[in-house]
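This report refers to the structure that appears directly beneath it.
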Amino acid sequence: MPLVLASPRPAGRRPSGGRGRPPRHLADLPLAERRAVVAGLGEPPFRATQLSRHFFGRYTDRPEEMSDLPLAAREPLTQALLPRLLTPERELACDGGTTRKTLWRTFDGALVESVLMRYPDRVTMCVSSQAGCGMACPFCATGQAGLTRNLSTAEIVAQVVAGARLLAGGQVPGGTGRVSNVVFMGMGEPLANYASVLAAVRRLTDPVPEGMGISQRSVTVSTVGLVPAIARLAAERLSVTLAVSLHAPDDELRDTLVPVNRRWKVAEVLDAAWGYAAATGRRVSIEYALIKDINDHAWRADLLGSLLAGRLAHVNLIPLNPTPGSKWTASRPAAQREFVRRLEAHGVPVTVRDTRGREIDGACGQLAASASASSASSPSPDTR
Ligand code: SAH
């Protein structure tokens, strides 16, 4: 048995402080390569398809649940292709159990988060693409801690499979269900981990047994605005939604809120976004966290509206979820309403994101931040 979901690693054992290379997993590989691994173990290649159906279709990596495999082959095959990559460190639920956040510990001791959100018409998994993040946005909890490492493709996919397993097992109120949407809005900058994220998108959206069979249109990749990577993603000709975390329409403010803006300015980021929209026909989502008296001024709403008017874009306003100790708070309701009104006056579609999961540290990186703060008293090489 590779690793057991229900038995977290004993506290304090951190093999390499979150800087290791995760073991190979079938979700890292296209099906043809899984077949080669299976053949290398002396098993018929079709066993790769069987294993893939267990993982992507039945959401299991447990040898005892693989009755179509010969008993003697189950252990070697699961050890070679289905190592357990993530161990739950902490699980929190709210909204009557329909919002569930999991803090995962990776094989090398890094902490990452995922959140499942069930709505009447869909289930969204919010996943992490990196342990930590190197983008240093000052309002974001993950940004405060810096980057630990990139997640592997399988470490990303495993977060979604874990949610799918809960839903299929009827463990989320509302009856059995499936993951319909995936958003790369957990920890990390997905486009700074391009190869693993792109392979994860393919694994999530290719049909079983190649992948999990989620619709590409239901996947959203969110970025701070890494311009060359946006262009590269546009050239992949996928139908995934691009979200751009803009947060300010002017370079002076955006240089401070999203420091990578010093490298790629607002105009360049938006040009790349329009290139993405042209290549894919997909409306780009412009993310804007409303921060009281920082970026919620009426003139900024007008400037944003004028930049986006007539474009294939939609603004998603996010009331700031203040990180612990932050001097910033969410905008006043009147300022938020006025911001919406002015964008709409420019003909720009706008929604205000619901604030699900707030009471369980739902915003980016907050759970991992509080977990490492509570273990900070026991010195460990990877405590930041
Ligand atoms: N690095 C990517 C994806 C992760 S963050 C990106 O920046 O897009 C997902 C979204 O949550 C981003 O729009 C980010 O700016 C926003 N976010 C981060 N911290 C937040 C906070 N404290 N309150 C509200 N939104 C936040």
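The values are calculated or read from the model by the stated rules, or taken from the named source; none is laboratory data. Being a predicted model, the structure only gives us computed values, none of them experimental. FYI the Cβ positions are ideal-geometry reconstructions off the backbone, even for glycines, and counts take in every protein chain you see. Remember, those area values only see protein heavy atoms, side chains included, never the ligands or the DNA or RNA. Shrake-Rupley method; radii C 1.70, N 1.55, O 1.52, S 1.80 Å.
Solvent-accessible area of the chain (1.4 angstrom probe, protein heavy atoms only): carbon and sulfur portion equals 53 percent. Looking at the chain alone, DSSP beta bridges between its own residues are antiparallel in about 50 percent of cases.
Divide by every residue of the chain the summed helix terms, -39500 (n - 2.57) for each DSSP H run of at least 4, and state the resulting mean residue ellipticity at 222 nm, rounded to the nearest 500 deg cm²/dmol.
-9500 deg cm²/dmol
Only Cα pairs under 8 Å and 6+ residues apart enter the sum, and on that basis the relative contact order of the stretch 100-207 stands at 29 percent.
Using +1 on the beta carbon of Lys and Arg, -1 on that of Asp and Glu, and nothing else charged, what's the dipole of the stretch 84-224 about the Cα centre, debye to 20? Provide the component values of the computation, followed by the final result.
Working: 13 positive and 10 negative charges, 42 e Å.
In debye, rounded to 20, the stretch 84-224 gives about 200.
Each of Gln50, Gly20, Thr102 was placed along the dipole of the chain (beta-carbon charges, centred on the mean Cα), and the one lying farthest toward the positive end is Gln50. Going toward the positive end of the dipole of the stretch 230-338, with +1 on Lys and Arg Cβ and -1 on Asp and Glu Cβ, which of Ala248, Ile286, Ala301 do you reach last? Checking the options against the dipole of the stretch 230-338, the answer is Ile286.
Taking the Cα centre of the chain as reference, the dipole from Cβ charges on Lys and Arg (+1) and Asp and Glu (-1) amounts to some 280 debye. Round to the nearest 0.05 the FRET efficiency obtained for Arg311 and Leu71 when R0 = 45 Å and r is the Cβ-Cβ distance. Calculated transfer efficiency: 0.15. Of all the options Leu204, Leu312, Leu151, the one that moves most in a Gaussian network model of the chain with Cα springs shorter than 10 angstrom is Leu312. Looking only at Gly169, Gly132, Gly96, which one moves most when the chain is put into a Gaussian network model with springs between Cα atoms under 10 Å? For the chain, modelled as a Gaussian network with Cα springs under 10 Å, the answer is Gly96.
Summing Lys, Arg as +1 and Asp, Glu as -1, what charge do residues with Cβ under 12 Å from the Cβ of Gly281 carry, Gly281 excluded?
So the environment of Gly281 carries a net charge of +4.
Each Lys and Arg adds +1 at its Cβ and each Asp and Glu adds -1 at its Cβ; summed about the Cα centre, the stretch 67-137 shows a dipole of about 80 debye.
Can you order the peptides 100-108, 301-309 by their average number of other Cβ atoms within 10 Å per residue, highest first?
100-108, 301-309
Normalised by the number of residues in the stretch 42-171, the mean separation of alpha-carbon contacts (under 8 Å, six or more apart) gives a relative contact order of 16 percent. Normalised per residue, the accessible area of the chain is 40 Å², obtained with a 1.4 Å probe and no contribution from ligands, DNA or RNA. Here the 3J(HN,Hα) profile of the stretch 87-95, calculated from phi with Karplus coefficients 6.51, -1.76 and 1.60 at θ = phi - 60°, is 10, x, 9, 7, 10, 10, 9, 8, 6 Hz, Gly and Pro shown as x. May I ask for the angle, rounded to the nearest 10°, between helix 31-40 and the longest principal axis of the chain, with both axes built from Cα atoms and the value confined to 0 to 90°? Roughly 30 degrees between the two axes.
Which whole-number percentage describes the relative contact order of the chain, with Cα contacts under 8 Å and a sequence gap of 6 or more?
Over the chain, the number comes to 15 percent.
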